[in-house]
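Every read-out reported here was derived from the displayed coordinates using simple, explicitly stated rules and does not represent laboratory data. Because the structure is predicted, anything quoted here is derived from the model rather than measured. Methodologically, a virtual Cβ is constructed for each residue, glycine included, from the backbone with ideal geometry; neighbour enumeration extends over all protein chains shown.
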Amino acid sequence: MVALSPDASHHSQPSRAQALDGRLHPARRAVFLALLVGGLLYAGASILFDTQQVGEQLAFGVFLFLGLALVIALGFEFVNGFHDTANAVATVIYTNAMPAQVAVAWSGFFNFLGVMTSSGAVAYAIVTMLPVDLVLHVGSAGGYAMIFALLLAAVGWNLATWYVGLPNSSSHALIGSILGVGLANQLFSGQPGGTAGVDWSQAQKVLYGLLFSPLVGFLGAFVLLLVLKRIAPDPALYREPAADRPPPRGIRALLIFTCTAVSYAHGGNDGQKGMGLIMLILIGCAPTAYALNRTMPESATAAFVQTSQAAEQAFARMAGGDRLAPDAARAALTDTLRARHVEGARTYAALGGLSGDVAERIAAYGSLGKVPAAATPNLRNDMYLVHDATALVRKDETARARMSAAELDAVGHYADGLEQGTRYIPLWVKVAVALALGLGTMVGWRRIVVTVGEKIGSTHLTYGMGASAELVAAATIQLADYFAAPVSTTHILSSGVAGASVANGAGLQRRTVRNMALAWILTLPAAMLLAGVLYWVLLTGVRAAGL
């Protein structure tokens, strides 16, 4: 039976919140500000250098607009840092495994490393959830309204839950914002298909993650703490630690390890979401510099054309020898991506026709680096259409049954080539996101730390509770990454603390559990509604202004 106490008055010792309120040392504040300003200047200088390298001159107004969009996108990662990563440092702080200021700096550093060593694959996975019409025309008024709406909605919800000290998933807030923009775009565009602008298969995965991640965290930490009590029955591990005494050496090492693992995994996964959004902004404002991967060597062109020809033959066979002209192919593949369903011979005929056209253009230019500025947006859009339609083909059961192993292999190699040509992350984008996420860890973490450490269970966090909750969180995140399953670090860790608290014989605080459940239930619909309304307001505004 889980006991629920109405408030925090049942703590055996006073709150340690005041111990977390010490001001940042002036030298550390100076370093923080230097990194913050230096990161922004580095991003701005990188944009100017990249655009000048390809001969693209940004108008002053466009540059300011781009700067505003980047600041908001980096702001999302900054808020993500102090919102989500506070969960990782809560256990080491409240068990005295690390001093508070050292813990947040440590976590920020490993968040930075996680971002810098990430593959970037997740960055563009977020893009596939957006409406295809807006992605293809991201530089339009609707594209800019989409980007600002989903970023402002995600940041707004994160700040609201942080202000009241509630652990909340930044990933789910962003995904809810994306779904809200997709739904609003479909409803306001007047296109047939109802709510087809929303990727409901992805929404279903998120809902499964929302449902199961708290259960995994609660049950995993509950069982692990019971096992820990059997193999390490020392009562000191399961009592509230003394305010001025670190844990035993082994437990301390374990807590620092799990804090490190959670921070690194969080950076590698959540940082990529900001990368994907920043690349969309760059593609919309400076397509010549960022729409295509101009760093690919000229020697890769011949191999790409060869794989394109092999895939084109496979598509043509599936279409009965038919190929659509480029304009008809673009319309057909756009419909395929809207419906997220392979439409038989029409889709394959479109893939065959547009694949051949793309390969011919790239071969004529010699390499992606030589594509003229005027041709860049159209070529990028065609490669985007073919890549994402090819991804649907590779998942389609009928296609997998009818295509030979050699054909599927050819299509896979072709998709890899398209991805390398259009879906890349410049080094400076990784650095900027890594700095934003890492620096965000060092600001505003106190509210969430106090909630996790004091306001979930009826007693303060113990060594055993902290070790159990973080071990479960670290292991679950790594396992989820392996299976590409959407889970929430916040939900796993906070519910893990609750499970460990119950296993330790303590109750749960009614008010905090109720508020956490409300935040858990409301995140998706609230973010969807907020983003949808913002998208409508922004789109109406830019249209009224004649932009």
Placing +1 on each Lys and Arg Cβ and -1 on each Asp and Glu Cβ in region 300-422, then taking the dipole about the Cα centre, the residue among Thr390, Ala332, Gly352 whose Cα reaches farthest towards the positive end is Ala332
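I need the peptides 149-161, 415-427 ranked by packing, meaning the mean over residues of other C-beta atoms within 10 angstrom, with the highest value on top.
Peptide ranking by packing, descending: 149-161, 415-427.
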Peptides ranked, highest mean first, by Cβ atoms within 10 Å: ranges 248-255, 461-468: 461-468, 248-255
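Within 12 Å, Cβ to Cβ, of Asn378, how many net charges do the neighbouring residues add up to if Lys/Arg are +1 and Asp/Glu are -1?
Working: positive: Arg330, Arg361, Arg380; negative: Asp327, Asp357, Asp382.
Local net charge: 0.
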Anchor Lys430: aspartates and glutamates whose Cα lies under 17 Å away (excluding residues fewer than 8 positions away in-chain): Asp50, Glu77, Asp270
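Could you check how many percent of all C-alpha pairs in region 300-422 are farther apart than 25 Å?
The answer is 14 percent, as a whole percent.
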Relative contact order of region 300-422, defined on C-alpha pairs under 8 angstrom at six or more residues apart (%): 34
So if I place +1 on the C-beta of Lys and Arg and -1 on the C-beta of Asp and Glu, and nothing else carries charge, what would the dipole magnitude of region 300-422 be about its Cα centre? I want it in debye, nearest 20. 100
So what J values fall out for region 156-164 if you push phi through Karplus, 6.51 cos²θ - 1.76 cosθ + 1.60 with θ = phi - 60°, rounded to Hz, Gly and Pro as x? x, 5, 4, 5, 5, 6, 5, 4, 8
